[in-house]
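Each value in this text was obtained by applying a stated rule to the coordinates, not by laboratory testing. Remember, predicted model here, so these are calculated numbers, not experimental data. Reconstructed Cβ throughout: ideal geometry from the backbone, glycine too, with neighbour counts over all protein chains shown.
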């Protein structure tokens, strides 16, 4: 296999194509806006950063309608999804969808964030840093609480512009 350099004018497209084929976990991030209304979006750019203190990083595209409110929030929830939550992932990924309408089972935590109890894990986060990078803002956040109903099913991943359930685990490495 021979690798070739990508011309600068084609770099953005090649970069998008490269990550299109890199599977990522799926999360829904929720918060309340300045008026207290619930906001949220589906995110596949979420990663753990530190165990002590517990921290994660999430990237918000400036094209997403919820981004302004999420960036202004003093706390938010990152709901880690599994395959049974695919419709929830699709709803929060669809522009113009009624994300908190009658088809979404949600409630508010005592702290005010919209919580999606159908997600097996929700991480309550407090932003530590917000760094604008191109057409997105990367947020590093301290995890200040975890709600877990326990994992029940197969992981949900985003790959090649669609959601997929992962199959059985590979055999253990000897």
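Between residue 138 and residue 98, what is the label-point separation in nm under the 7 Å Cα-to-beta-carbon projection?
3.8 nm
Take every Cα pair under 8 Å in the chain that's 6+ residues apart, average their separations, divide by the length, and report that relative contact order as a whole percent. Mind dumping the intermediate values first?
Working: 340 pairs, mean separation 43.9, N = 174.
Reported as a whole number, the value is 25 percent.
What do you get for the angle between helix 11-20 and the principal long axis of the chain? Use alpha-carbon atoms, 0 to 90 degrees, nearest ten.
With rounding to tens, the tilt is 70 degrees.
Label points 7 Å out from Cα along the Cβ direction at residue 87 and residue 162: separation in nm?
1.9 nm
Could you please state, rounded to a whole Å, how far the C-alpha centre of region 86-146 is from the C-alpha centre of region 1-58?
Between the Cα centre of region 86-146 and that of region 1-58, the gap is 14 Å.
Give me P(r) over region 1-53, computed from all C-alpha to C-alpha distances, binned every 10 Å, as integer percentages.
17, 27, 28, 21, 6, 1
Would you kindly calculate the translational diffusion coefficient of the chain, applying Stokes-Einstein with the Kirkwood radius from alpha carbon pairs, for 37 °C and a viscosity of 0.692 mPa s, and quote it in µm² s⁻¹ without decimals? Don't jump to the answer; show the numbers that get you there.
Values: Rh = 17.2 Å.
Once the numbers are plugged in, D ends up at 190 µm²/s.
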